[in-house]
Structure formats: C-alpha cells, structure tokens
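Asker: This is the structure, below, for whatever I ask next.
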Amino acid sequence: MSKHETTAPAVRATGIGKTFDTKAGPVQALTDVDLEVAAGEFVSLIGPSGCGKSTLMRLVADLDGPTTGRLEVFGKSPAQARQDQDYGIAFQQAGLLPWRTVADNIGLPLELHRMDRSARAARVAELAELVGLTDFAGSYPDQLSGGMQQRVAIARSLAEQPRLLLMDEPFGALDEMTRERMQTELSRIVAETGAAVVFVTHSIPEAVFLSDRVVVMSPRPGRITTLISTGIGPGVVRDEQLRETTGFFEKVTEVREALHGAPVGSSAREGR
Amino acid sequence: MTIEQTSLRAGRPRARGTAARVRATALGLLGLVAVAVIWEVYKVFGPDDGVVVAGHRILPRTTDLAMPHVWEMVARLLGPTTSQAGAAPLWLTVAQAALVSLGIAAVGWVVGTVVGIALGVLMQMVRVAEHGLLPWVVLSQTVPLIAFAPVLKNWGAQIEVGDWRWPQWLSVAVIASYLAFFPVAVGMLKGLQSPPRTHLELMHTYDAGRWATLVKVRLPAAVPYLLPALRLGVASAVVGTVVAEVSTGFMDGIGRQLVSFAGQASGDPAKAWAPIFGAVVLGLVAAGLVGLIGLALRSYRRGEAT
Ligand SMILES: Nc1ncnc2c1ncn2[C@@H]1O[C@H](COP(=O)(O)OP(=O)(O)OP(=O)(O)O)[C@@H](O)[C@H]1O
Ligand SMILES: [Mg+2]
C-alpha cells in the first residue's frame, strides 16, 4: 500500500513497564516489554489471563500511560498518534451505541471528524459491504447476533483507513464456526487495507492463522517470553486449506509449547 | 439504508404498539367502569353512617350528600354551573379552569425541565458543581410549598418592569417549576453518568472532546433516565399548580374551583365532584403529553432492551 509508506514502525515499545496502584498494593501488570511491529505487519499477543495483553494494547491506544519505558506509534507519542487518528480500535465487547443503526455506528468516527454527509454515506456503504452487512445497515445493534455486532465494530475501526488496527479479543464471544469465518474475513480485509494489526487472542490456531508473528507472554509480572514467526507472510492467502497444512500444525505446536513453558527458551527474543 | 428496511424497522414495533395500546385503553376503561360499579354497590349495601372502627370512620358515609350517585354527578356536569339564567354548563366551566391550570402547569414544567436538564449537564460537566450543587438540589425539596407560596406571591406583586407587571399565575408557575425541576435534575445527572466505560474510551480514541462526548454519547444515553424523570416532573408540576393556586388565592384555575365548589357541597353535593374529575383529567392529559415525548424519542430507549 503506497499510501501507507513510512519508515517508522507502527509500534515500537522499549522497556515498557506498567504498575497499577490498587488498594491491595501495587500490581505489576507489565515489565520490560520490548516489541516492534512493522508497518503492515500482523502481530498477535497470546498468553494466560492477566498477563497484561489488554494493558499493553491500552498503552498503545493512549487509554493509559506506561510507568516506565518508551512507547512510539509511527514514531510519535501514543497521544499524538491518537490525535492524528493513526489507529482504529476494536474492543472485546463490540461497544456499539444501541440507539444508532448499524450505518450510524460505522459512521460515528467519520461524523465526529466532520466528513461531509454524502462522502460519509458512500464510505459507510463501502464498509458495510466489506463486512457483509449491507442488508443490515438500517438495523439496530439489538437486532444483530454477537458476530454481526463484532463485524460492525470492525467496520467502525476501519472507517478512517487507519495504518494500525488494535483488536482485543474481537472474536472472543463467537462460536468456532463463525470465528473461523471472521478470521478469514479479517485477513482479507487487512490484506486489502495494508494496515498493521496488533491482535490479542486466547486461541493458538487463530493467532497462527492470522499473524506474521506471534508474541507469547507470561504473567506476574507480564512480559514477553517468545516471539515466533509463522512464516505465513502478508502476501499469503489465508483460506481453509491453510488450516490443514503441516506447516500450520507445526507452528501451532510451537506456540503451544512456548505458552506452556516447554524448553524453547533459547528461541526467546528471536527475530528482534 | 434502503426504504424497505426503514419501513420494516419502523413498522414492526408500531404494529405491536397498536395492539398493546388498544388493550391498555380497554383495560383503562374497564377499570373506570369497575370503580363506578364498586361506588354504587357500596352505596347500596354500606351503612348510612359509614364503617366506624374504634371511633375512626374507615369507610365513608353512603348518604347522597357524601356519595352522590354516579349518574347524578354526570348529569350535574351537563347541567348549568349556577341557577342564574344563561349560565354556562358545569363541564365547560370546569374544563376552562382545568385548561388554565394545564397552561400554568405546562409553563412550570417546561421551566422546571429546562432548569433541571441544565443543572444535570452542569453537574456532570463540572465535578465541583456536582459536589457543590447536589446537596442543595436535594435540600430544596424539603422547603414546604405551602409556606413558600404566599411569600412568592408577595415578591411577585412587587415586581414591575416598565408597563409589565408580574402576573399572579406566574407565581403559581414558578412554584410548579420548583417542584418539577428536582426529578429532572437528578435523573439527568444519573443518565449522563450512565454510559459504560467502553463507550467513553471509544470517544477518547476518536479524540472527541467533552462537548462531542456529551452530544453523541451522554445525552442519548440519558434519555431512558430522563423520560421517567419527566413523568415524575409533570406529576409534580400538576400537583404543585393545584396546591399553589389554592395557597396563593389564584381565582381562575381548578385549584380554587375545588375549594369553592366544595363549599357549596351541602346544597349541591354532585357539583363538588366536577372539579375533582377535572383535576384527574388534567393530570391524565399532562401525563399523556409527556408520553408523546417518550414516543418521539423511542429509538433512544433501545438501550433499555439490551
Ligand atoms: N485499571 C487497573 N487497575 C488495577 N489493576 C489492573 C487494571 N487493569 C489491569 N490490571 C491488572 O493488570 C494485570 C493485567 O491485566 P490485563 O487486563 O492486561 O490482562 P489480560 O492479559 O488482558 O487478561 P485477559 O486475557 O484475561 O484479558 C492483571 O493482573 C490485572 O488485575
Ligand atoms: Mg484482556
């Protein structure tokens, strides 16, 4: 994607630490996190519950600030990147406004940033088409299934053609079949837009299927233990056949072993 | 959005709504008939002197003076107000008074609602305002209306701007608004604070300011809280109007009529009931008008369902 040409990586985290002060005392959510996500790269974060995946994502989105370390988004501070609308975000809950139709939910960021009405309508129609919800543009969120709501949230996060997509377990609440279909759709959409993606998930096959690289994290305190390149580049078409290949299974096994702390420590911090 | 989907979406709830409304109306009428029947049955079988337990009368006398027949009350409504020649029918006199009161209550309600919404927004936007204002808002409602009314009337009587003089009805409206603003202010504040964190954080990621967040998220989210507050407010405004009319001695409204017709009850018992019916209808009409607002804002109430 020529319009996304940039020298700065989408995300560069150096020595990130995050400590929450709670009544029960300080909670160290992240420690010494180093991570670089290249422009156009798809990176998944995987790790046990409470290892700080959401926290890391919130730091990138400038919804919270790091306690220590340096964080850059496209070479800028996260706050600046947020003000420049460099990223789109989709949370675990779809977070749709219940009084707005699907079309109006998708168009919310465009409306806030004063895109004029006709251009907005055209863009919203395009996005609804992209996530296969053209027929439901006039429906309200409570008339949609969970998967459809997620697709609305994804369309909304894509509305302003961000160079970076932040997605926190967007498919967490979906059944396995819908989930696999959504994965295929997401990989298609990302291929079309050329955006970098930071994707949080609990599903190993999902991480391997979608990503160029999988980041494995461990809890207490949250840190990165392993980086695994899937070897499935951005150019590769991710379809059902890919799930059946031995290469895919091998990577799934590798990520699982890394997660369970099998002796693959030597490969930790590979690829940096 | 295609036309077909729009009509589909708008059409389905309306079809369901019509059936529900017909049923509600039928039930309402049935209730009215039931009250009339109970009234008459008690009048026939109840003791003349009512039911007295340990010196307290717990059920009223059944004499024609205390409980006129339903048909007598209806017939009285259709008859002339006074025995003077050319007097207007009683129902018209009552309706006119009720309309005057409705107008005053409406002014009071609108002022109270505007003030309440403004206070709610102010308290949400400015933290200090919430801590500083909320106790006073709550405290304001402990000032008894009756003590307040004559004072306000006297203050009003002294206000004179050029040719314009403070009309007496305005004192009544101010008291009505004083009662109406409270539920609106409290409901509004609660509604504005109701959006979940995800919605607010989403707005933050869009770099939306406080004003945009207010308009796009907080105000729509407040609607389900605001509507019951408006209903409470209108009830307060109507009661406040009637009571304030009595205590300020305002002559044209239903409040004064309730008192003066009750004074004539010994000679004309059915007449005293006419303004009571007028007040009931007044309350229902006021509540119905507010209900229309809820209907107009119904797409903002979707949050209630999910
Ligand atoms: N606002 C907060 N205040 C205090 N502690 C917090 C806060 N947010 C997160 N934490 C703590 O930080 C740690 C990491 O939380 P985080 O939500 O990032 O985990 P996660 O990896 O996303 O988990 P999950 O997979 O369950 O979503 C947890 O121990 C959590 O209790
Ligand atoms: Mg999480």
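FYI, it's all coordinate maths here, none of it is from the lab. What you see is a predicted model, and the numbers here were worked out from it, not measured in a lab. When we count neighbours, we look across all protein chains shown, and the Cβ atoms used for this are built from the backbone with ideal geometry, even at glycine.
Asker: May I ask you to evaluate 6.51 cos²θ - 1.76 cosθ + 1.60, the Karplus curve with θ = phi - 60°, for each residue of the stretch B:170-175 and list the ³J(HN,Hα) values in order in whole Hz, giving x for glycine and proline?
Answerer: So the Karplus estimates, Gly and Pro as x, are 5, 4, 5, 5, 4, 5 Hz.
Asker: Turning to a different aspect of this structure: With a 10 Å Cβ neighbour count serving as the proxy for reagent exposure, in which order, fewest first, do A:I228, A:I106 appear?
Answerer: Numbers: A:I228 23, A:I106 32.
Ranked by crowding around the Cβ, least crowded first: A:I228, A:I106.
Asker: Across the residues of A:240-251, average count of Cβ atoms on other protein chains within 10 Å?
Answerer: Average per residue, whole number: 0.
Asker: Placing +1 on the Cβ of each Lys and Arg and -1 on the Cβ of each Asp and Glu in chain B, which of B:V290, B:G156, B:F277 has its Cα farthest towards the positive end of the resulting dipole?
Answerer: Going by the Cα projections, it comes out as B:V290.
Asker: Could you list which residues have their amide H under 5 Å from that of A:G222, counting only those 5 or more apart in sequence or on another chain, with H placed in the peptide plane?
Answerer: Here A:L30, A:T31 satisfy the definition.
Asker: How many partner chain Cβ atoms sit within 10 Å of a residue's Cβ in peptide A:136-145, on average, as a whole number?
Answerer: Going residue by residue through A:136-145 and averaging, the value is 4.
Asker: Using the alpha-carbon atoms, what tilt in degrees (0 to 90, nearest 10) does helix B:90-125 show relative to the longest principal axis of chain B?
Answerer: The answer is roughly 20 degrees.
Asker: What percent does the relative contact order of chain A come to when contacts are Cα pairs within less than 8 Å and at least six residues apart?
Answerer: On the way: 526 pairs, mean separation 66.5, N = 272.
Answer for chain A is 24 percent.
Asker: Among A:V124, A:G172, B:T62, whose Cα sits farthest toward the positive end of the charge dipole of the protein assembly as shown (+1 at Cβ of Lys/Arg, -1 at Cβ of Asp/Glu, about the Cα centre)?
Answerer: B:T62
Asker: Using alpha carbons only, how many degrees (0 to 90, rounded to 10) separate the axis of helix B:127-140 from the longest principal axis of chain B?
Answerer: 10 degrees
Asker: If you don't mind, there's one more thing I want to ask. Average projected area of the Cα convex hull of the stretch B:183-306, in nm²?
Answerer: For the stretch B:183-306, the mean projected area of the Cα convex hull comes to 10.1 nm².
Asker: Let me know the mean shielding of A:96-109 by other chains, meaning the per-residue number of their Cβ atoms within 10 Å of its Cβ.
Answerer: Details: counts 4, 10, 12, 12, 5, 5, 2, 2, 1, 0, 0, 0, 6, 6.
Mean partner shielding for this stretch: 5.
Asker: Over 39 Å, how big is the tail of the calculated P(r) for the protein assembly as shown, in percent of all Cα pairs?
Answerer: Value for the protein assembly as shown (Cα pairs over 39 Å): 49 percent.
Asker: Could you work out the local net charge near A:V197, counting Lys and Arg as +1, Asp and Glu as -1, over the other residues with Cβ closer than 12 Å to its Cβ?
Answerer: With Lys, Arg at +1 and Asp, Glu at -1, the neighbours total -1.
Asker: For all pairs of alpha-carbon atoms in the stretch B:78-300, what percent lies in each bin of width 10 Å, listed from the first bin to the last filled one?
Answerer: Using 10 Å bins, I get a P(r) of 8, 27, 28, 21, 10, 5, 1, 0 for the stretch B:78-300.
Asker: Angle, helix A:146-158 long axis vs. longest principal axis of chain A, Cα atoms, 0 to 90°, nearest 10?
Answerer: Tilt of helix A:146-158: around 90 degrees.
Asker: Given +1 on the Cβ of Lys and Arg, -1 on the Cβ of Asp and Glu, and no further charges, what dipole in debye does the stretch A:90-161 carry about its Cα centre, rounded to the nearest 20?
Answerer: Computed charge dipole of the stretch A:90-161: roughly 120 debye.
Asker: Can I ask one more? Arrange A:T246, A:T253, A:T193 by Cβ neighbour counts within 10 Å, fewest through most, would you?
Answerer: Going from least to most buried by this count: A:T246, A:T253, A:T193.
Asker: Around B:T62, which amide H atoms from residues at least 5 apart in sequence, or from another chain, sit under 5 Å from its own amide H, with H modelled in the peptide plane?
Answerer: B:D49, B:G50
Asker: While we're on this one: Suppose every K and R has +1 on its Cβ and every D and E has -1 on its Cβ; what is the size of the dipole of the stretch B:203-287 about the Cα centre, in Debye to the nearest 20?
Answerer: About 320 debye.
Asker: On to the next question. Nearest 20 debye, what's the magnitude of the dipole of the protein assembly as shown about its Cα centre given +1 on Lys and Arg Cβ and -1 on Asp and Glu Cβ?
Answerer: The dipole magnitude comes to about 960 debye.
Asker: Can you figure out the FRET efficiency of B:H56 with B:A212, using R₀ = 51 Å and their beta-carbon distance, to the nearest 0.05?
Answerer: 0.25
Asker: Students often check this: by mean Cβ neighbours within 10 Å, which of B:80-92, B:243-255 ranks highest, and how do the rest follow?
Answerer: Taking the mean over residues of other Cβ atoms within 10 Å, the ranking is B:243-255, B:80-92.
Asker: Taking neighbour counts of Cβ atoms within 10 Å as a proxy for exposure, in what order, fewest first, do A:K23, A:K76 appear?
Answerer: A:K23, A:K76
Asker: Along the principal axes of its C-alpha atoms, what lengths does the stretch A:87-205 span, in descending order and rounded to whole Å?
Answerer: Dimensions of the stretch A:87-205 along the principal axes of its Cα atoms: 42, 31, 19 Å.
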